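What follows is one structure encoded as structure tokens, with my remarks underneath.
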Ligand code: AMP
Ligand code: ZN
């Protein structure tokens with residue numbers, strides 16, 4: 001499957017240029033054009049899937065495998081001290097490009113991204129009852 005108006009399909013086919021990092025049978029990776037850190041990388045399946053809802057297991061496994069290979073290669077002080085990996089899935093989750101992609105953000109203790117302070121500023125408190133209700137709702141979704 002390929003979508004002619006999808007920017008990441010165009011990158012995968014070579015129709016538009018990118019700073020390619022590494023690839024495997026199912027997936028490719030390239031530098032994010034608007035990096036939030038030096039070496040911010042995107043890993044995508046070669047085939048078009050809009051996100052986690054429609055990706056097949058083979059493409060997802062291959063994409064995660066490539067993301068794992070890259071993060072192990074660059075972290076631990078070789079390029080960065082650590083990494084954050086994340087996927088935005090769906091518009092509500094701020095996904096802007098509708099072709100599944102995994103972000104790899106290289107991290108260093110002095111990078112001042114302030115990820116953790118942002119995270120902590122969003123922490124919410126729920127009662128035991130609310131936690132139990134939440135669990136029931138999620139488990140129902142999984143039946
Ligand atoms: P998201 O908000 O999770 O959908 O992320 C989409 C990402 O794609 C953003 O970080 C963009 O900077 C990146 N992006 C969009 N177009 C390109 C492009 N042509 N080459 C590289 N990265 C891109
Ligand atoms: Zn696409």
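What follows draws every value from the coordinates through simple rules; no lab data is involved. Only a predicted model underlies this, so the values are computations on that prediction, with no experimental measurement involved. Reconstructed Cβ throughout: ideal geometry from the backbone, glycine too, with neighbour counts over all protein chains shown.
With the convex hull of its Cα atoms as the shape, the chain has an orientation-averaged projected area of 10.7 nm². Per residue, the chain reaches -10000 deg cm²/dmol at 222 nm when only DSSP H runs of four or more residues are counted, each adding -39500 (n - 2.57). Relative to the longest principal axis of the Cα atoms of the chain, the long axis of helix 128-141 makes an angle of roughly 50 degrees. The modelled label-to-label distance between residue 140 and residue 22, using points 7 Å beyond Cα along the C-beta direction, is 4.4 nm.
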